[in-house]
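To start, the structure under review is shown below, and the notes come after it.
The values are calculated or read from the model by the stated rules, or taken from the named source; none is laboratory data. These figures come from a predicted structure and were not determined experimentally. Cβ atoms come from the backbone with ideal geometry, glycine included; neighbour counts cover every protein chain shown. Please note that ligands, DNA and RNA were not included when accessible areas were found on the heavy atoms of the full protein model with its side chains. Shrake-Rupley method; radii C 1.70, N 1.55, O 1.52, S 1.80 Å.
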Amino acid sequence: IIILPFYLIGLIFKGRRRQAVAARFGIYPAELRDKLKTANNIWLHAVSVGEVMASAPLVREIKGSFPECNIVLTTVTETGNAVARKIFSEEVTILYFPFDLTLAVKRAVDIINPVFFVIVETEIWPNLIRRLFKKNIPVIMANGRISDNSYNGYRFARFLLAPVLDKFHLFLMQTRKDAERILSLGAKSDRVFVTGSMKFDAVAETPVLENQEELKASLGIYEKDRLLVAGSTHPGEEEILIDIFKNLNNTHKDLRLLIAPRHIERVPEIEKIIRLRGFEPVKVSSLPTTNYELPTVFILDTIGQLKRFYSIAWAVFIGGSLVKKGGQNMLEPAFFCKCVLFGPHIFNFKDIAD
């Protein structure tokens with residue numbers, strides 16, 4: 001309640017957060033309310049892009065096991081919402097997650113009224129979980145993970161956290177370490193299981209991509225050329241990467257660089273960084289109509305296309321690791337047998353990195 005006014009003020013200045021504000025208060029169109037109230041709903045929550053993509057195999061398994069049920073998938077971020085709409089069929093209802101305020105979660109839970117609720121990874125929303133528990137709706141944590149930073153914070157709030165964890169029916173954790181941490185925070189031992197990471201399941205379903213030669217040609221990459229892809233980069237990393245590329249380009253004229261920012265609204269900012277370093281940026285969305293001179297630095301400014309460029313890369317750098325963001329998922333380039341590079345800050349993906 002204290003934070004909400006500041007958040008709403010922020011909506012005015014952040015265009016990416018304005019969309020579907022009503023849904024965050026549990027306010028849905030009448031047609032959608034009618035659809036949800038007449039269906040047996042299973043509610044999955046995946047906060048952003050990584051969790052949405054990891055949940056894809058789980059969605060398919062649930063649809064196979066409960067064909068009579070409708071799956072409701074909620075996200076917090078707009079990029080996560082966009083990816084969910086792209087990879088899931090119309091059989092999955094895609095919504096924004098409600099604010100964890102009593103009235104908002106009461107309205108959302110009463111309308112969706114799920115058979116059970118699944119949180120993908122570790123999102124603990126006390127008001128929502130209490131409301132679900134009050135209505136005897138099972139709450140499950142799937143693909144549970146507790147990073148070093150999160151664990152340090154959770155330990156200080158254990159006395160507040162333990163009563164909320166007591167309302168979960170199952171904790172399906174990625175590793176033994178994650179299981180030990182959730183137990184130390186107050187979870188009941190008979191509810192905690194180690195089930196591995198769903199990110200491995202998701203990447204195992206990655207299709208073999210076609211038209212790779214055509215994709216290479218669109219970037220001016222031919223037989224002896226090499227592409228370095230920097231995936232899911234964060235502020236503070238692009239400058240380092242472009243400087244490295246500039247040095248390498250003096251002796252390796254066959255090298256190309258493609259930067260895929262974690263948040264595509266940063267594209268104009270990255271274009272300025274590239275120009276300041278003497279290169280001409282080229283957005284992937286304009287490739288069919290763009291004439292450019294080499295060397296150039298490409299920017300991936302579309303959602304859901306990164307794996308295509310991983311498939312044609314010579315080497316892949318994983319962003320969020322030169323700055324203290326904890327890294328990003330490195331399984332997709334590994335699936336394509338690429339040389340995977342990352343910086344020292346990979347605490348969110350330490351087991352995968354190892």
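Looking only at residues that are of a type in the set (D, E, K, R) and assigned to a helix (DSSP H, G or I) in the stretch 270-288, which one is nearest to residue 244 (Cα to Cα)? That would be 275. When each of 178, 148, 166 is tested for being in contact with a strand residue (DSSP E or B) (Cβ under 9 Å, 6 or more places away or on another chain) and of a type in the set (Asp, Glu), the lone residue that passes is 178. Considering only residues of the stretch 107-126 that are part of a helix (DSSP H, G or I) and open to solvent by 30 Å² or more (accessible area, probe 1.4 Å), which is nearest to residue 202 (Cα to Cα)? That would be 126.
So is residue 129 part of a helix (DSSP H, G or I), without any contact (Cβ under 8 Å) to a residue 40 or more places away in the chain, within 27 Å of residue 94 (Cβ to Cβ) and not charged (D, E, K, R) or not? Against the criterion (part of a helix (DSSP H, G or I), without any contact (Cβ under 8 Å) to a residue 40 or more places away in the chain, within 27 Å of residue 94 (Cβ to Cβ) and not charged (D, E, K, R)), residue 129 qualifies. Mind listing whichever residues of the stretch 72-106 are in a loop (DSSP other than H, G, I, E, B) and within 12 Å of the chain's Cα centre (by Cα)? Passing the criteria: 76, 77. If you go through the stretch 145-173 and keep only what is open to solvent by 30 Å² or more (accessible area, probe 1.4 Å) and not in a helix (DSSP H, G or I), you end up with 145, 157, 166, 167, 169, 170, 172.
Are any of the residues in the stretch 288-304 in contact (Cβ under 8 Å) with a residue 24 or more places away in the chain, hydroxyl-bearing (Ser, Thr, Tyr), open to solvent by 10 Å² or more (accessible area, probe 1.4 Å) and touching a strand residue (DSSP E or B) at 6+ places or on another chain (Cβ under 6 Å)?
Looking through the stretch 288-304, at least one residue is in contact (Cβ under 8 Å) with a residue 24 or more places away in the chain, hydroxyl-bearing (Ser, Thr, Tyr), open to solvent by 10 Å² or more (accessible area, probe 1.4 Å) and touching a strand residue (DSSP E or B) at 6+ places or on another chain (Cβ under 6 Å).
Quick grid of which residues meet (1) among the basic types (Lys, Arg); (2) within 27 Å of residue 53 (Cβ to Cβ); (3) in contact (Cβ under 8 Å) with a residue 24 or more places away in the chain:
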position	(1), (2), (3)
114	no, yes, yes
122	no, yes, yes
135	yes, no, yes
140	no, yes, yes
144	no, yes, yes
148	no, yes, yes
151	no, yes, yes
157	no, no, no
170	no, yes, yes
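Within the stretch 214-232, residues that are open to solvent by less than 70 Å² (accessible area, probe 1.4 Å) reach partners that are part of a helix (DSSP H, G or I) and of a type in the set (A, V, I, L, M) with beta carbons closer than 7 Å, at six or more positions or on different chains, in the pairs 218/287; 230/241; 231/306. Can you find a residue that is more than 29 Å from residue 352 (Cβ to Cβ), of a type in the set (Asp, Glu) and modelled with pLDDT of 95 or more anywhere in the stretch 246-264? No - not one qualifying residue is present in the stretch 246-264.
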